[in-house]
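Quick notes on the structure that follows.
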Amino acid sequence: MPHVVTQSCCSDGSCVYACPVNCIHPSPDEPGFATAEMLYIDPVACVDCGACVSACPVGAIAPDSKLTPEQLPFVELNAAFYPKREGKLPPTSKLAPVLEAPVVHAQRGGPLTVAIVGSGPAAIYAADELLTQQGVRVNVFEKLPTPYGLVRAGVAPDHQTTKRVTALFDKIAARPGFTFYLNVDVGSDLTHDELLAHHHAVIYAVGAPTDRRLEVDGIELPGTGTATEFVAWYNGHPDFTDLPVDLSGERVVIIGNGNVALDVARILTTDPDVLARTDIADQALDALRTSRVQEVVIAARRGPAASAFTLPELIGLTAACEVVLDPTDHQRVLADLAEETDALTRNKLEILSKLGDASTPITRPRIRLAYGLTPARILGDTTAAGVEFTVTGTDDRVQMSSGLVLTSIGYRGKPIRGLPFDDAAAVVPNEGGRVADTPGSYVAGWIKRGPTGFIGTNKSCAAETVHNLVADYNNGLLTEPRHKSSALERFVRGRQPAVIDAAGWKAIDDAEVARGGGLRPRDKFTSVTEMCAAAATAPAPPLHQRLLAGLRR
Ligand code: NAP
């Protein structure tokens, strides 16, 4: 009964360290870890101890006897990562070296104190790494009243197991030395220099909050939008609740075929009664209930073998939705299958080759994967009516009507005031997380390496940054904070009286779960006002805790 890693794998590598026989790969020290679509359990070496099940923060691992029918393809997928061997292997020794936590050499001026800007996975994994050392203090600043970045506002609502990583994040946030400053906008409420005056270092883990722009005529027309905004809208991000989303047309075209495009297409074609059991934002659910969309076309400029979506997500999509291909695209898949290719791509192509034919009548909302289409212009005079493509590599033109056109061509980082910015790569230039020519400043996550990878990819990314930061601290390269740590709380409140702490976040969290009424994981607040009102109901901490907090400062 070997264990199997399934679709919601977050690749943070926790299972690798928990496994006593080193049968989960690629491990963080192996080539290929950074780009792996998921991790795989060797079914021959697995000793069925279940240690990985408890370690996995997203519930992605199960014994092969307990898989749902939709998860069965993952048995083969895990096994296929390893060479074929006869018989059971003896358990291997534990080979994967656990990354050594950075040793902080305490200095005379007080404990190492770090500000982290942003509260998504890269931020929380960085805090986790720093707090492995006694006495270190981490203050996490987040613009919104709610933490956890794209786990809350990006991961699709029908992927609730992935969102379970927040239980791990809650544990990290409850560690001694961790303080939340939510609803505080670094850049407008506080400046970079002010943060540095209160800390030894600042780590920016602010992600890539905007999207790459498609430069074609008509892209400004009403009826066009970006998948990143659409994702924020259905996830209840307060800045996108009022996004005008018109679902009155029968077709939606999505340009680009990464995992975000798959998420958006799935949400657009899933039965709203199924979505009603998730934490999808209320206004999005209402709009989807009256949607007239029958077909979502995901248009890629290259061929099937170059599909940007990952294999686990394709398996999940085909299990959840009706997915079809045009006959010409079926031919493309067969042509790509005839070429020599790696095992992962071959696996994707084999799944694509078994998809239904788009010429069959549409009986329920479905998804069509389309290939070889380079967007040339958006059709329509006053509002988008479709897309004109060139057939990639030719001068042939194809027009496709559409009531809504969404571009899903990748996220993009934004410049941070006071730090350098590489406009072409849309990242803050850095070496291992150290911001170039800006002492005391560090980056982690998408603003450091660009918008690629999964939630867990940020664990090793953040660890690298923290290791370098601690090395700088130990080598005396960081300036002592000018202010005592006890001054920070008053300073922040002076700038943003509505700052929300961990108790405030817990009050928001509890209220959302209660609004879900047991039928949904939670019913999200979608406005900052509602969130702040819920936070204000948090009970004041008992006197002895306040005194203790004062003493710790
Ligand atoms: P992505 O994976 O980088 O895909 C971008 C897509 O846009 C590609 O198909 C790309 O085509 C296309 N594209 C780029 N420029 C274009 C242009 N000018 N014209 C037409 N097409 C263009 O981006 P993403 O989907 O936003 O995902 C971002 C990251 O988040 C990825 O690492 C993804 O795996 C991750 N993510 C993971 C999950 C999950 O695991 N469930 C969910 C969501 C996101 P080319 O390949 O031809 O350039």
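The values are calculated or read from the model by the stated rules, or taken from the named source; none is laboratory data. Here the structure is a predicted model, which is why all the values come from computation and not from measurement. When we count neighbours, we look across all protein chains shown, and the Cβ atoms used for this are built from the backbone with ideal geometry, even at glycine.
Structural remarks
- Filter result (hydroxyl-bearing (Ser, Thr, Tyr) and under 20 Å from the mean Cα position of the chain (by Cα)) within segment 1-26: THR6, SER8, SER11, SER14
- Condition check for GLU313: under 30 Å from LEU243 (Cα atoms) and in contact with a strand residue (DSSP E or B) (Cβ under 6 Å, 6 or more places away or on another chain): no
- First in segment 495-515 and among the β-branched types (Val, Ile, Thr), second anywhere and surrounded by fewer than 15 Cβ atoms within 10 Å (Cβ to Cβ), Cβ under 8 Å, 6 or more apart: VAL499/ARG493
- Residues of segment 153-173 satisfying the condition of being among the small types (Gly, Ala, Ser) and part of a helix (DSSP H, G or I): ALA153, ALA167, ALA173
- One residue from THR390, THR382, THR363, THR374 being outside any strand (DSSP E or B) and more than 19 Å from GLY223 (Cβ to Cβ): THR363
- Taking segment 514-529 as the range and being within 30 Å of PRO497 (Cβ to Cβ), among the charged types (D, E, K, R) and part of a loop (DSSP other than H, G, I, E, B) as the test, the residues that pass are ARG522, ASP523, LYS524.
- Applying the criterion of being surrounded by fewer than 21 Cβ atoms within 10 Å (Cβ to Cβ) and in a loop (DSSP other than H, G, I, E, B) to the residues of segment 294-320, the residue that is farthest from the ligand (Cβ to nearest atom) is GLN294.
Yes/no per residue for (1) crowded, with 18+ Cβ neighbours inside 10 Å; (2) away from the ligand (no atom under 16 Å from the Cβ); (3) of a type outside the set (Val, Ile, Thr); (4) assigned to a loop (DSSP other than H, G, I, E, B):
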| position | (1), (2), (3), (4) |
| --- | --- |
| VAL21 | yes, yes, no, yes |
| PRO28 | yes, yes, yes, yes |
| PRO31 | no, yes, yes, yes |
| ALA34 | no, no, yes, yes |
| MET38 | yes, no, yes, yes |
| ASP48 | no, yes, yes, yes |
| ALA62 | yes, yes, yes, no |
| GLU70 | no, no, yes, no |
| PHE74 | yes, no, yes, no |
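- Top-ranked residue of segment 187-224 - restricted to ones that are touching a Phe, Trp or Tyr at 6+ places or on another chain (Cβ under 9 Å) and assigned to a strand (DSSP E or B), ranked as farthest from LEU144 (Cα to Cα): ALA201
- Test for ARG266: is it of a type in the set (Lys, Arg) and either outside any helix (DSSP H, G or I) or modelled with pLDDT under 95 (or both): no
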